[in-house]
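Bear in mind these aren't lab numbers, they're just calculated from the coordinates by the rules spelled out. Note that the structure is predicted; figures quoted are calculated from it, not measured. So basically every Cβ, Gly included, is an ideal-geometry build from the backbone, and we count neighbours across all protein chains shown.
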Amino acid sequence: MKAVLLHQHGPADVLQVVTNHPVPEPGPGEVRLRVRAAALNYLDIWVRNGWPGIKLSYPHIPGADAAGTVDAVGEGVSDWRPGDRVVVDPTLSCGRCAYCRAGQENRCVHFALLGEHVSGTYAEYITVPARNLLGLPDHVSFEEAAAASLVFVTAWHSLITRGNLRPGETVLIVGAGGGVNTACLQIAKLTGCTVYVVGSTDEKLEQARALGADVVIRRDVEGGWSRAVYQLTAKRGVDVVVDNVGAATFQDSLRAAARGGRILTVGNTSGAQFEIDNRYVFGKHLSILGSTMGPHTDYVTVMQLLFKGRLKAVIGARYPLEEVQQAHRALEAGQHFGKIVLSV
Ligand code: ZN
C-alpha cells in the first residue's frame, strides 16, 4: 500500500512516500480503515524533527487525523461493517485505568496519540480500535472530518470542559491562522462570547473576522498587543486568554488577562520553556489551565456540532499524499489559514 515513512528525524526531505508498505491486519477489537483523507498538525512536525526522549519504532508513519471507510473488522467487532464512512478519534487509551473508567481517556496512564506513540494516518490503510470510530454522515466530506478531528476536540476540551467558558465572557485568542485557534474562535462565538484575536498579518486577521472575531489586533501594533487589549477593554483585560504559542507570547497573555482570568494552553508553537512573572499570577488571581486532546464524550459532542453545521473545519490547502513534503513545508512556513489536508 501507499504510505509515508520516517526512517530518521530531520527536515521535510526525510518523509518518504512508498507504494509497497504491507497492509496492516486488524487485531481483536480493531478496524482496518481505507483512509481517504488525513490532516496535518503541528505535532507532525515535532515528531518528524524529534525531541530529546522521543522513541519511534522505525519505519514510523506520521499523522493523527484520518477519515475514510471501514475496510475490514477484527475479532469481536460488531458495530461496524465494511463500507461504513467514519472519522477517527486520535486519542488512544487503555479503557481500564481509573481515568478511563471516569471518562477521562485523555488522562489515561497509557495515553497514546495516533502518529506520535504509534503508527499514524499518512497511509492508504490503518488499523485503529473500533471504539475510536465515529460514523460520518453522507453530507460531511472526508477532508472536512479529518481536518476537524484533533483540533476541535482539543479546542472544545480546553475552552468548555477545562475553561468552563460562559456566555458573555471576553476571550482573547493569541494567533490567528492555526487549526486549534480557528476552532477556539468558532467555539467561543458559539458560546456567546466576545472574541479578540491577535494575528501576524492583515490577511489572517481578515479571515479571523470572517469567522466571527469581534476585535482583531496586529501582533506588531505600536506599544504591544497586550497593551492594546488592555486599552480596548477599558483597562479591564479579558476573562479568558487562549495561548498556544508559548515562549513568544505568554508574558503578554498574563498581562492581557483580567483579574480572576483564566489562561488556557494546549501547546506551544514558539517554544516550551520561558519565564513568567509570578506577580501577575497571584496579583491578578489568574488560573493557568492546561490540557491535551479530550475525552471521547467531548469528541462526539464537538463533531456532532460540526456535522450539524454549527462549527466548520477551515481548510487552508489540500495536497495529494505524494506531495507530503510540500505540505509539511507549507505548515512550517505558516502561510495558510486553517488546516492542511492530504488526500489519500
Ligand atoms: Zn486508561
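Data for the structure
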item: 11 Å beta-carbon shell around SER253, net charge (K/R +1, D/E -1); result: 0
item: Dipole magnitude (debye, nearest 20) for segment 153-290, charges at Cβ of Lys, Arg, Asp, Glu; result: 440
item: Neighbourhood charge, 10 Å Cβ-Cβ cut-off, centred on LYS284 and excluding it, Lys, Arg +1 and Asp, Glu -1; result: +3
item: Relative contact order (%) - segment 209-311, alpha-carbon pairs under 8 angstrom, separation at least six; result: 21
item: Separation between Cα centres of segment 19-81 and segment 278-310, rounded to whole Å; result: 26
item: Cα-only radius of gyration and Dmax that characterise the chain, units Å; result: 20.0, 62
item: Taking the chain and dividing mean pair separation by its residue count, relative contact order in percent (alpha carbons under 8 Å, at least six apart); result: 19
item: Summed side-chain charge close to LEU33 - residues other than LEU33 whose Cβ falls under 11 Å, Lys, Arg +1, Asp, Glu -1; result: 0
item: Cβ charges +1 (Lys, Arg) and -1 (Asp, Glu), total dipole of the chain, debye; result: 1020
item: By average C-beta atoms within 10 angstrom, highest first, the peptides 127-137, 179-189, 38-48, 52-62; result: 179-189, 38-48, 127-137, 52-62
item: Semi-axis lengths (Å, descending) of the ellipsoid that matches the C-alpha gyration tensor of segment 1-141; result: 24, 20, 13
item: Given 11 as the ceiling on other Cβ atoms within 10 Å, longest exposed-site-free region of the chain for GluC sites (Glu not before Pro) in DSSP loops; result: 76-221
item: Segment 292-344: trypsin sites (Lys or Arg not before Pro) in DSSP coil with no more than 11 other Cβ atoms inside 10 Å; result: LYS308
item: Signed unit charges on C-beta, dipole axis of the chain, positive-most listed residue PRO167, LEU56, ILE126; result: PRO167
item: Debye intensity ratio in log₁₀ form over the Cα atoms of segment 153-290, taken at each q of 0.10, 0.18 Å⁻¹; result: -0.26, -0.94
item: Dipole of segment 153-290 [Lys/Arg +1, Asp/Glu -1 at C-beta], most positive-end residue of ALA257, THR154, ALA247; result: ALA257
item: Residue pairs, from the table LYS284/LYS312; LYS189/LYS339; LYS2/LYS312, whose Cα atoms sit over 26 Å apart; result: LYS284/LYS312; LYS2/LYS312
item: Leading residue at positive end of dipole, the chain (Cβ point charges), from MET303, VAL198, CYS94; result: VAL198
